[in-house]
Every structure is written in C-alpha cells, then in structure tokens.
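Scroll down for the structure; my scribbles are underneath it.
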Amino acid sequence: MILRKWNYKAHEYEPFEVPDDWNCKTYCTDMSEIVNCPHCGARLLFGNSFTSLEVHTATGMGYGICGKCHEAEVKRNLEAMHE
Ligand SMILES: [Zn+2]
C-alpha cells in the first residue's frame, strides 16, 4: 500500500510505502477499531490515534498515528518552520 508523506525540504509529497496487512485509516466509524500507525506499525485504537501532519491521502486527510510518532512529527514540523 502506497501512502503519501510530506517532505518538508522538497515541499511536496513523496511515496510512503506501508505493508499491505497494516490497517491504516484516516477515518473510522468505530473508535475501538484497531489500526496501525503508518510510521512504526504500532497497533492502537483509532480513538486513541492522533491525526498525522505528514502522511495524508490524495485529498489531504491525515492518517491516524501513535502518540510517539505524533511527538516526532510535531518536532519535525516545528523544525521545518524555523528553517
Ligand atoms: Zn507510530
């Protein structure tokens, strides 16, 4: 499965491949569905996921990611803003 990940340096999306058996979602009707974080593959409840700042669908919807990767994304995002 190929997702899209924002590249701060190039200012464009780059292909971001995740294993086909990972359940990566931007939206769930069931908050207790188990999803995979597209960065690290961690399994978590969709209701506990954060919206990705980097990994998006073609229409710009952010995938649900884990707390640890969310922190790393926020850090990269802030660094990119101060460059
Ligand atoms: Zn993660």
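The values are calculated or read from the model by the stated rules, or taken from the named source; none is laboratory data. None of these values were measured; they are calculated from a predicted model. A quick note on method: Cβ atoms are made from the backbone with ideal geometry, for glycine too, and the neighbour counts reach across all protein chains shown.
Descriptive notes on the structure:
- Considering residues of region 50-66 that are farther than 17 Å from Glu33 by Cβ and not hydroxyl-bearing (Ser, Thr, Tyr) only, the residue nearest to the chain's Cα centre (by Cα): Val55
- Failed condition for Cys28, given (1) touching a helix residue (DSSP H, G or I) at 6+ places or on another chain (Cβ under 8 Å); (2) exposed (fewer than 13 other Cβ atoms within 10 Å of the Cβ); (3) not aliphatic (A, V, I, L, M): (2)
- Counted residues, region 26-53 - those being closer than 17 Å to Asn7 by Cα, outside any loop (DSSP other than H, G, I, E, B) and in contact with a Cys (Cβ under 9 Å, 6 or more places away or on another chain): 1
- Selection count, region 2-36, where residues are farther than 18 Å from Asn77 by Cα, within 16 Å of the ligand (Cβ to nearest atom) and not acidic (Asp, Glu): 11
- Selection count, region 1-25, where residues are part of a loop (DSSP other than H, G, I, E, B) and among the polar types (S, T, N, Q): 1
- Single match in Glu83, Glu14, Glu73 (criterion: out of contact with any Gly (no Cβ under 9 Å at 6 or more places or on another chain), at pLDDT 95 or above and loosely packed, with under 13 Cβ neighbours inside 10 Å): Glu14
- Residue count for region 37-56 under the criterion of being away from the ligand (no atom under 14 Å from the Cβ) and surrounded by 14 or more Cβ atoms within 10 Å (Cβ to Cβ): the result is 1.
- Verdict on Glu71 being in a strand (DSSP E or B) and within 13 Å of the ligand (Cβ to nearest atom): no
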